[in-house]
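Participant: Have a look at this one before I ask anything.
Nothing in this text is a laboratory measurement; each read-out follows from the coordinates by a stated rule. No experiment lies behind these values; they were computed from the predicted model shown. Because the Cβ atoms are built from the backbone with ideal geometry, glycine has one as well, and the counts that use them run over all protein chains shown.
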Amino acid sequence: MPGQGVVLSISGRTRLAAVIGDPAEHSLSPVIHNAAFDALGLDWLFVALPVRAGNGAAAVDAMRTLDIRGLSVTMPHKADVLSSVDRITDAAQALGAANCIAWSDAGLVAHNTDGAGLVASLREDSGVDVAGLACVVLGAGGAARAVVRALARSGASDVGIVNRTTSRADAAARLAPGIARVCEVGAVADAALIVNATSVGMGAGVDDPDALVVPPDLFGSGQHVVDLVYRPVRTALLAAAERSGAHAIDGVGMLVHQAAIAFGHWTGEAPPVTAMTAAARAAVPVD
Ligand code: NAP
């Protein structure tokens, strides 16, 4: 914004990173990453670039010509960008989707940091180690697939998948053979960790009964309930989990940690997670 330090400090040496999406203007990535650059005193700038559907691969090619140092990738480009990079990590390959493009000695690398971001946020922000936990993931879209794979690879004993569309749940279960399986909603009652990775609850009020993707009486004390929805931060699902005595964990932690991992890939620096978290929490509506 004019008159603020970030613009005044831009020079010919400023490095550029960006998020591409359609739309891109609602992304919290600029807020989170510019706070991180500021916290470390890095001469970098992060902007949101609206890129039309179908142009994701061209946007990656533009990184080469414009020397863009890092790219966050959001809908609808997460699959398209894979065709323009020099290397694809195992996570991005398995998921068929990338949310981060970074430079390496091998050229441009497509990463998917969503699943690792959730596991890191559980461990570092909430003290929850998923190893040995029976988990249920609600949903089978892009976020759910990343979470299923990451939970299984981090040692979860069992990952049940509950989804409205069974064929998508089947596909998600194939990401972690022997650990992940399709199950009925009743499995929520027996899980130690439940992750809502559906979009149900987004933009809804905390008291809206239609904003609950599962019956709230399935929750109980001793459970960890995570909602990936972070607009609002306090969702109807988290409120219901708290009323049942469960430990409610909002989606800001995953949002920040997936960004923090990307920040590390781009800059080679340890991400300033505290500053990134403060910036993200200041930018999202609580309820
Ligand atoms: P997506 O690929 O479109 O998947 C949406 C999922 O929600 C699907 O499983 C879909 O079921 C389910 N769903 C949608 N409406 C439903 C309804 N009325 N009843 C039951 N299930 C319903 O979206 P996504 O990218 O995975 O994102 C999902 C949510 O996670 C979004 O709210 C997004 O903002 C959030 N997210 C958060 C983070 C974070 O860092 N906190 C990161 C990524 C995503 P069907 O398969 O049956 O259609």
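Participant: For segment 223-237 and segment 6-39, write down the distance between their C-alpha centroids in whole Å.
Facilitator: 27
Participant: Can you tell me how much longer the chain between ARG243 and ASP61 gets when fully stretched, taken as 0.36 nm per residue apart minus their C-alpha distance, in nm with one decimal?
Facilitator: Net length gain for the segment: 60.6 nm.
Participant: Please list, in order along segment 181-189, the HN-Hα scalar couplings obtained from phi with the Karplus expression 6.51 cos²θ - 1.76 cosθ + 1.60 (θ = phi - 60°), rounded to whole Hz, x for Gly and Pro.
Facilitator: 3J(HN,Hα) across segment 181-189, in whole Hz: 8, 7, 9, 8, 4, x, 4, 4, 5.
Participant: Ranked from highest to lowest mean number of other Cβ atoms within 10 Å per residue, what is the order of the peptides 145-155, 45-55, 190-200?
Facilitator: 145-155, 190-200, 45-55
Participant: Here is a further query. Relative contact order (percent) for the chain, with alpha-carbon contacts under 8 angstrom and 6 or more residues of separation?
Facilitator: Across the chain, relative contact order equals 16 percent.
Participant: Which of ASP210, ASP22, ASP38 moves the most in a Gaussian network model of the chain with Cα springs under 10 Å?
Facilitator: The residue with the greatest mean-square fluctuation here is ASP210.
Participant: If R₀ is 25 angstrom, what is the calculated FRET efficiency for the pair ALA106 and ALA278, using the beta carbon separation as r and rounding to 0.05?
Facilitator: Computed FRET efficiency for ALA106 and ALA278 comes out at 0.15.
Participant: Can you give the angle from 0 to 90° between the axis of helix 142-153 and the longest principal axis of the chain, with both taken from C-alpha atoms, to the nearest 10?
Facilitator: Approximately 70 degrees, to the nearest 10.
Participant: What FRET efficiency comes out for THR165 versus ALA189 if R0 is 30 angstrom and r is the Cβ-Cβ distance? Round to the nearest 0.05.
Facilitator: 0.85
Participant: Which of ALA259, ALA189, ALA18 moves most in a GNM of the chain, Cα contacts under 10 Å?
Facilitator: ALA189
Participant: Shifting gears a bit: In Å, what is the Rg of the alpha-carbon atoms in the chain, and how long is Dmax?
Facilitator: Over the chain's Cα set, Rg and Dmax evaluate to 18.9, 58 Å.
Participant: For SER221, SER9, SER72, what's the fewest-to-most ordering of other Cβ within 10 Å of each Cβ?
Facilitator: Final ranking by Cβ density, sparse to dense: SER221, SER9, SER72.
Participant: With a point put 7 Å past each Cα toward its Cβ, work out how far ASP22 is from VAL286 in nm, to one decimal.
Facilitator: Here the answer is 3.8 nm between the modelled labels.
Participant: FRET efficiency for ARG15 and MET202, Cβ-Cβ distance as r, R0 = 45 Å, nearest 0.05?
Facilitator: 0.85
Participant: If I fit a long axis through the Cα atoms of helix 273-283 and take the longest principal axis of the Cα atoms of the chain, what angle between them do I get, 0 to 90°, rounded to 10?
Facilitator: 80
Participant: Using only the alpha-carbon atoms of segment 50-93 as identical scatterers, what base-10 log of I(q)/I(0) does the Debye formula give at q = 0.22, 0.27 Å⁻¹?
Facilitator: For segment 50-93, the Cα-only Debye profile gives -0.74, -1.08.
Participant: What do you get for the angle between helix 252-267 and the principal long axis of the chain? Use alpha-carbon atoms, 0 to 90 degrees, nearest ten.
Facilitator: The angle comes out near 30 degrees.
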